[in-house]
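What follows is calculated from the coordinates using simple rules that are stated; it is not laboratory data. A quick note: this is a predicted structure, and the numbers were derived from the prediction, not measured. Every residue, glycine as well, gets a Cβ built from its backbone with ideal geometry; the counts of neighbours run over all protein chains shown.
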Amino acid sequence: MKKVFNPPSVRRPFGHYNHGLLVPPGASLLVTSGQLGLGLDDKVPEDIGAQAELCFEAIKAILAEAEMSFADVIRICAFVTKREDFPAYMAVRDRYTLDPKPVSTLIIVGGFTRPEFLVEVEVTAARITC
């Protein structure tokens, strides 16, 4: 069982995430590459929400291939190009994440490999096997 850490000496998280998660020994670990808002048809939606949805759907498929789900995600790291896109991104993230909420980092970046990309998301997941 994952253990949540939100010490009273640290300000509560700003959103739906935890400051720390402890995974017990013996867990299987999966680390993904950053996923972009790019469909199988190579089309990139103009909207941050639609791009984030594609990122999380890609992560969902990777998790499933590893016999995991969003219940196993312990860390999310996301990169967006505009501060004003935070709420739309977080609305998508919050629909996919389950309790206990993973730890989360959200960073503003200058851009990605193609200018139409607005968001990139990577996760770490751990499945308790013992």
Extreme residue, positive dipole direction of the chain, given options G20, S33, G49 (C-beta unit charges): G20
Cleavage-rule hits, trypsin sites (Lys or Arg not before Pro), the range 1-58, DSSP coil, Cβ neighbours within 10 Å at most 16: R11, K43
Give me Rg over Rh for the range 65-130, both radii from the alpha carbons and Rh done the Kirkwood way, two decimal places. 1.03
Largest first and to the nearest Å, give the Cα extent of the range 3-128 along each principal axis. 40, 35, 22
From the Cα gyration tensor of the range 2-53, with a ≥ b ≥ c the square roots of its eigenvalues, which class applies: rounded if a/c is under 1.5, or else prolate if a/b is larger than b/c, or else oblate? oblate
Using 0.36 nm per residue, how much length does the chain from E46 to R114 gain when fully extended, once their Cα-Cα distance is taken away? 23.2 nm
At most 15 other C-beta atoms within 10 Å and a DSSP loop state: those are the exposed GluC sites (Glu not before Pro) I care about. Give me the longest piece of the chain that has none. 68-115
Multiply the residue separation of M1 and K60 by 0.36 nm, subtract the distance between their alpha-carbon atoms, and state the gained length in nm to one decimal. 19.1 nm
Long-range lysine pairs (8 or more apart or interchain), the chain, Cα under 28 Å: 9
To the nearest 10 degrees, how steeply does helix 86-96 sit against the main Cα axis of the chain, on a 0 to 90 scale? 50
For T105 and V10 in the same chain, what is the full-extension length gain: residue separation times 0.36 nm, less their Cα-Cα distance, in nm? 32.6 nm
